[in-house]
Number of protein chains: 2
Amino acid sequence: MSQYWSEIVRELTPYVPGEQPRLANLVKLNTNENPYPPSPRVIAAIRAEADARLRLYPDPNADALKQAIATRCGLTPREVFVGNGSDEVLAHAFMALLKHEQPLLFPDITYSFYPVYCGLYGIDYLTVPLAADFTLQIDDYDLPNGGIILPNPNAPTGAAVPAAEIARLAAKHRDSVVVIDEAYVDFGAESAVPLVSRYPNLLVVHTLSKSRSLAGLRVGYAVGQADLIEALERVKNSFNSYPLDRLAQAGAIAALEDEAHFDATRERIVDSRERLVAGLRALGFEVVPSLANFVFARHPGRDAAELAAALRAKSIIVRHFKLPRIDQHLRITVGAEEECRALLGALAAILHA
Amino acid sequence: MSQYWSEIVRELTPYVPGEQPRLANLVKLNTNENPYPPSPRVIAAIRAEADARLRLYPDPNADALKQAIATRCGLTPREVFVGNGSDEVLAHAFMALLKHEQPLLFPDITYSFYPVYCGLYGIDYLTVPLAADFTLQIDDYDLPNGGIILPNPNAPTGAAVPAAEIARLAAKHRDSVVVIDEAYVDFGAESAVPLVSRYPNLLVVHTLSKSRSLAGLRVGYAVGQADLIEALERVKNSFNSYPLDRLAQAGAIAALEDEAHFDATRERIVDSRERLVAGLRALGFEVVPSLANFVFARHPGRDAAELAAALRAKSIIVRHFKLPRIDQHLRITVGAEEECRALLGALAAILHA
């Protein structure tokens, strides 16, 4: 604390990302990274872009990237916003579209950055409890609100809601912006992107960090009708004109062009997930049905923090949240096949020791 | 305007960056880019980093980059903050350190993003007029304030204040944070970085966009005592955990390691600037003495907007601001030697037509 800090800073409780340990030979299942590399076309595009042109500013509007996203979504570039990771996109959405008189609504168990954004921008919020089985019930959001945000699939549970339910939510709350954070949608859930043309209040946020294997490049985007996008552009252009560097723009375009790599990678992860869930259940874990690249599991006979510590002693890192309702769960990223096997082997040894 | 926009968005007046036209064969002297390429070591480092590791998040704290900056500045990493371009660093500084009861002070003629940040964060501000010759007088800032920010050299004038005057400013305003934006300091002005250990209220902001030829990579940093830096980290970690991607971190470290390239490049620009100023004066221009990589000039007999349009017709782009006191000036980036000659030749033709 310092006399120089603004009042906002004094009251902030910053987000704590999953650790990025620098140990070698670690089985790293704690930050939902993709176990497979990005498309070779991404690497080639970045290397081709890394030349003397780095002396020049990037396109501040990232028009070529917006066009690539728009084409993929069946939209126009004016319906696309891009940012430095979906975290930046979400931050701008909180300030531009979710700060109103009435409280913002989001699930009690969800991406833990949401209340942090509310703290940063002074947004009043109310959490809506998930059901006991961690499913999300759209009708529970029948409350006065200034906006609704939810991840689909939800994090850290992995549970998803069908697109028809998202449509029902958007239709019920036509006076509020409904933001669907689809960071994990490409691993089996239904996307709300096709609903954007029908609901002027719907914003759908994506990232290239997970299904495109580009956590290291920092590219996210939002799609929605043009006046929602314009609000985001206004905040962005009052904050940082050039959030996406030349390499990120080139790499992201190349990633979106390689649908074959994208499909092959996510199919492998979905297959591994199903085997991982079966293996965990065979060990006595209760596993929330997941459509994401992670699973959320608890063992009725073992403390989650102790399990996480025992795994860590075997160089396997998973994520444990010390939060109400979920402090007996572990969130485990679906790694490569051999990583999933290593995890199951280690858990078997711990449980039977 | 839309019912979905927050009140802040409705009232924003976003920053307008200098245009990034896509025409070939343009002499582009409008956005203060460096005419020379970055160090070959930067290109090599980026290409080496562009591999399968892009699937993994970058270091959220950019420890290696902070260490490289700290070493160069004779500081510790806890006294260094890094961001996605100095624009992002400045944005966080406005929110974290410059938002207080009393108004923020900055020059009436300065980087036009400053009032935009104030609009974004609801910061009350007061502009302090530069002298008639565009010099900045430290004693003019003897006013109640909640912070002071100024670029040194100033933009778009290029005029600089000696470090001793910055020390005097910091000493006079010990209860406020004084931010010195040194985007252009490496072209001949004195840096305030060595003052940081003496003044707990001093924050100095740098960018790699200009003197390191990396506008396309988006890396900026701030140095100051640890509690100022902590305020920036708190805002950053409430906004976006990973603002610098893997490639930007690797490229920036390589850039800071190549002092020989850095020195050679900025010396060439300083030499070109002196010849450009002499050439402009020979054509009848009044030129503000500049220690930046641009010059600020007016012709007593010609309208600045008309000159800019005539240059554009000859495929030369300079920056003209339609703002009080400076709407008869042009801001001209110091380009490569042949670009400066092309500009002087075109101006001679226009003036003598």
- request: State the number of residues belonging to the range B:310-353 that are under 14 Å from B:Glu19 (Cα atoms) and free of Cβ contacts under 8 Å to residues at least 60 places away in the same chain.
  value: 2
- line: Pairs returned, first residue in the range B:252-278 that is touching a residue at least 60 places away in the same chain (Cβ under 8 Å) and under 21 Å from A:Ala50 (Cβ atoms), second residue that is of a type in the set (D, E, K, R) and part of a helix (DSSP H, G or I), beta-carbon separation under 7 angstrom, 6 or more apart or interchain, are B:Ala254/B:Arg41; B:Leu256/B:Arg72; B:Glu257/B:Arg41; B:Asp258/B:Arg41
query: Can you spot a residue in the range A:238-258 that is surrounded by fewer than 24 Cβ atoms within 10 Å (Cβ to Cβ) and over 30 Å from B:Asn61 (Cα atoms)?
result: yes
- prompt: Is the range B:285-295 home to any residue that is surrounded by fewer than 20 Cβ atoms within 10 Å (Cβ to Cβ), in contact with a helix residue (DSSP H, G or I) (Cβ under 6 Å, 6 or more places away or on another chain), at negative phi and in contact (Cβ under 8 Å) with a residue 24 or more places away in the chain?
  reply: no
message: If I filter the range B:212-230 for residues that are at the interface with chain A (Cβ under 10 Å from one of its Cβ atoms), under 24 Å from B:Phe294 (Cβ atoms), basic (Lys, Arg) and in contact with a helix residue (DSSP H, G or I) (Cβ under 6 Å, 6 or more places away or on another chain), do I get at least one hit?
response: yes
statement: Filtering the range B:76-94 down to residues that are assigned to a helix (DSSP H, G or I), more than 7 Å from every other protein chain (Cβ to nearest Cβ) and touching a strand residue (DSSP E or B) at 6+ places or on another chain (Cβ under 7 Å) yields B:Glu79, B:Ser86, B:Val89, B:Leu90, B:His92, B:Ala93
- request: Identify all residues within the range B:35-57 that are facing chain A (nearest Cβ under 7 Å) and among the acidic types (Asp, Glu); write none if there are none.
  value: B:Asp51
field: Residue that is touching a strand residue (DSSP E or B) at 6+ places or on another chain (Cβ under 7 Å), more than 8 Å from chain A (Cβ to nearest Cβ) and assigned to a loop (DSSP other than H, G, I, E, B), where the choices are B:Asn25, B:Asn32, B:Asn61
entry: B:Asn32
field: Qualifying residues in the range A:2-20 (those that are over 29 Å from the mean Cα position of the chain (by Cα) and within 18 Å of B:Tyr121 (Cβ to Cβ)) - the one farthest from the other protein chains (Cβ to nearest Cβ)
entry: A:Glu7
task: Could you name every one of the helices (runs of 4 or more DSSP H) located completely within the range A:212-321 that has at least 3 residues being out of contact with any Leu (no Cβ under 9 Å at 6 or more places or on another chain) and not assigned by TED's automatic domain parsing to the domain that holds A:Ala52?
output: A:259-282, A:304-313
Flag for A:Ala132 being closer than 21 Å to A:Phe296 by Cβ and hydrophobic (A, V, I, L, M, F, W, C): yes
query: Got a sec? Which strands (runs of 3 or more DSSP E) wholly within the range A:116-206 have at least 2 residues that are over 23 Å from A:Arg218 (Cβ atoms), at pLDDT 95 or above and not aliphatic (A, V, I, L, M)?
result: A:125-128
- prompt: Restricting attention to the range A:36-58, which residues are among the aliphatic types (A, V, I, L, M) and part of a helix (DSSP H, G or I)?
  reply: A:Val42, A:Ile43, A:Ala44, A:Ala45, A:Ile46, A:Ala48, A:Ala52, A:Leu54
message: Please go through (1) surrounded by fewer than 24 Cβ atoms within 10 Å (Cβ to Cβ); (2) hydrophobic (A, V, I, L, M, F, W, C); (3) over 17 Å from B:Ala70 (Cα atoms); (4) under 19 Å from the mean Cα position of the chain (by Cα) for B:Ala171 and return the number of the only condition it doesn't satisfy.
response: (4)
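The values are calculated or read from the model by the stated rules, or taken from the named source; none is laboratory data. Since the model is a prediction, treat every value here as computed from it, not as a measurement. Positions of Cβ are generated from backbone atoms using ideal geometry, with glycine treated the same way; all protein chains shown enter the neighbour counts.
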